[in-house]
């Protein structure tokens, strides 16, 4: 018979093992929490800082490059070009080629967008945004660097068709974080070495499927929500990003029309 008030060694050992297990579990939870916190800090703060600083340096480098004399490469205007309908007075004198140069001087081969090169600057006054535009929408080479990425096979700035861009909404500079704040009539400027193309925000598609390729077609119209979009050719700008925030399930789309062209 067990003597009252006496605690056997087996019971003490079990209690000690239980306490050690609880302590170890607690330490593991604290460690995991600290690691997760560091990952969050890295994604939400460090990647933003790195990308923004890199994007700012690239904008400055482009501007320095543009201030240098351009190569004297001349050619006759492309007979297939026409003037932007509804654009300002500048559009009547500056006709853009696919690389963004005016009609009397084309880009030399080395100046054409290639790979993930940044070749233009996107400025959105309402969002206090000024970031490089690079060819392609790859994450590592373009979007994760805080750039706006140009959808391959869409038009170049100022050209007939649809100049379509993508950008991160969260992390890695998040240049399109506040894209939903743009309103009809807001201006969006795209600068190249030879001209500045000013677009006016025209329409917004708050949410559509990530697979909705209709929004970046030459005449943009949503394939998921056909009531959103256009029905005739023009000079369009499309800005796309993920929505809701901190997810990549859907896309937010902002469209604009070319308003004017200003030679540099």
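Data for the structure
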| quantity | calculated |
| --- | --- |
| Directionally averaged shadow of the range 171-215, computed from the convex hull of its alpha-carbon atoms, nm² | 4.8 |
| Potential extension, residue 24-residue 231 segment - 0.36 nm per residue separation minus Cα distance | 68.0 nm |
| Protection proxy ranking of 152-165, 10-23 - average other beta-carbon atoms within 10 Å, highest first | 152-165, 10-23 |
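Just so you know, all these numbers are worked out from the coordinates, no wet-lab data involved. Keep in mind it's a predicted model, so treat the numbers as computed, not measured. Reconstructed Cβ throughout: ideal geometry from the backbone, glycine too, with neighbour counts over all protein chains shown.
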